[in-house]
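One structure is given here, and the rest of the page talks about it.
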Amino acid sequence: MTREDLLQPELEAMSRDQLESLQLSRLRTVLRRAWEGGPAYRELYRKAGFRPEDFRDFGDLAKLPGIGKEDLRLAYPYGFFCGDPRELRELHMSSGSTGTPIAMLYTQADLEQWAECMARCYRMAGCRPGDPVQITPSFGLFNGGFGMYHGARRAGLFVIPTGAGNTARQVRLARDFRTRVFTAVVSYGVRLIEELDRLGLDLPDLEIGVFGAETFPDSLKQRISRRLGIEAFDIYGMTETGGVGTLGQDCPDHSGIHVWEDHYLVEIVDPAGGGPVPDGQPGELVVTSLTRLALPVIRFRTGDLTRILARQACACGRTHLRLAPITGRVDDMLIVKGINFFPSQVEQALLEIPGVLPNYQIIIEDNQGVKNVRINVEAGPGVTGFMVEKHLKERLGFSPKGDIFPPGGLPRQEGKAVRVFHQRPDDSPAGG
Ligand code: DLL
């Protein structure tokens, strides 16, 4: 690994001291901007009795009131916007589960910041100018398609903007235009493999896969890499931080997700109390954007669960800290018969069973307050319900019943996969 492998070595490999002093000065700037230009921030800080000049160094961070998804929803559409509306150039949105969306606004500089983060991710995955990149997340209010597009343009790649769906055509284009880089929502990687198996085809020119938007357990990463003959990367970002790639990705060392720390300050807190959690311990990720203008987030409670793996320089030469792959969301946790578990733990356990495919449903049945869980999964011949139940009992401590479906037997969604269904026992089977 040499400095030439980094898009911006002067920023990506800067010393920790330099990085921290850059963060501190950017933090002061963003606080002033929020106070002077953003009505919702000013109101929040007034109520908390906080003024930007009260902020001296990282030790004062805990005094800064944070915001959550609910604050952003309540302030829809422009509450946290800081600046002049005539400077706006793009809008993205996350739909969420409740009706009101969260809007993310971009100035020209914000679009450039996004493209820079995303282009660093492409370069980190080994992409070179002129590489054909197939962008399969959808183009629209979802940030996935456009973010990967803006970054690919910045990195000088040859863009094939297929967007979501029509997998047979995706395969055809990948073969005809010799796609080297495939970008997708994690579960779409699985869908691509099914289609290749159905057609009895390979993608001989494919070398790099950039996957994200959903948890990406190592076992699935290995399965996808092996079948497609690629190196797979885990890319991270969210609407509120400015979209895909803004928070970073793993490097060829695959030792955690490098966070672009010159653009974002991250903390890990205890999801219940909100207090700081030491490095290495799991908790909720809190993010402050240091360089975004239209809608900076300051101490945003992401709801994502992870931990800080390392702050020292990586074998790849980058100095930006590394996070463990996201294991799930605070609000994803399920409690059945007193046992707490996350869908990602079910996924991880299922994939340890030979012949089981990465398509499953977790059905929570609620019978007048008594909860029961069923797990349906697709599997090849030879996998029995008993085998699945026994393995889940070993790994999760309880044995959910469920059905085994043949490959392709469970419904698919465009975009992020829906895994958890809540139903009463007399409802029809979840998802059809
Ligand atoms: O999912 C951005 C994205 C698009 C990332 C394409 C990667 C690829 P949202 O729709 O706002 O944005 O959803 C953000 O998705 O808070 C996480 O819970 C989850 N998420 C995103 N990336 C990962 C990942 C996009 N690499 C929410 N691993 C986040 C696990 C992820 N979860």
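Quick look at the numbers
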read-out	value
The chain - charge dipole about Cα centre, Lys and Arg +1 at Cβ, Asp and Glu -1, debye rounded to 20	300 debye
Percent of beta bridges antiparallel (DSSP, segment 156-270, rounded to nearest 5)	35 percent
Taking His263, His391 and counting other C-beta atoms within 10 Å, the order from fewest to most	His391, His263
Euclidean distance between Cα centres, segment 1-70 to segment 288-321, Å	11 Å
For q = 0.18, 0.19, 0.28, 0.29 Å⁻¹, Debye-computed log10 I/I(0) when each Cα of segment 57-102 counts as one equal scatterer	-0.72, -0.77, -1.04, -1.07
Unit charges at the beta carbon, dipole of the chain: most positive-side option, Tyr122, Gly369, Gly229	Gly369
When each of Lys393/Lys416; Lys63/Lys416; Lys69/Lys390 is checked by Cα-Cα distance, pairs over 29 Å	Lys63/Lys416; Lys69/Lys390
Proxy reagent accessibility, fewest Cβ within 10 Å first, across Cys316, Cys121, Cys127	Cys316, Cys127, Cys121
Distance from segment 229-287 to segment 97-171 (C-alpha centre basis), Å	19 Å
Per principal axis, descending, Cα span of the chain in whole Å	65, 56, 40
Separation of the Ala315 and Asp54 label points, Cα + 7 Å toward Cβ, nm	4.6 nm
Estimated dipole of segment 333-431 in Debye, rounded to 20 [Cβ of Lys and Arg +1, of Asp and Glu -1, Cα centre]	180 debye
Pair Arg412, Ser219: separation of 7 Å Cα→Cβ label points (nm)	2.2 nm
Cα-based shape type of segment 333-431, given that a ≥ b ≥ c are square roots of the gyration tensor eigenvalues and the cut on a/c is 1.5	oblate
Estimated [θ] at 222 nm from DSSP helical runs (n ≥ 4, -39500 (n - 2.57)) normalised by residues in the chain, nearest 500	-9000 deg cm²/dmol
Cβ-Cβ FRET estimate between Val370 and Ala324, R0 fixed at 25 Å, reported to 0.05	0.10
Peptides ranked, highest mean first, by Cβ atoms within 10 Å: ranges 186-196, 366-376	186-196, 366-376
Normalised contact order of segment 1-329, rounded percent, pairs of Cα under 8 Å and 6 or more residues apart	19 percent
For segment 196-223 and segment 333-409, distance of Cα centres in Å	23 Å
Angle between the chain longest axis and helix 218-228 axis [Cα atoms, degrees, rounded to 10]	70 degrees
Full-extension gain in nm, Gln108 to Phe139, via 0.36 nm per residue minus C-alpha separation	9.3 nm
Computed over segment 333-431: relative contact order in percent, which uses C-alpha pairs under 8 Å that are six or more apart	29 percent
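Every number in this text was worked out from the coordinates using simple rules, so none of it is lab data. Computed from a prediction, not measured in an experiment: that's the story for all the values here. Cβ: placed from backbone, ideal geometry, glycine included. Neighbour counts: every protein chain shown.
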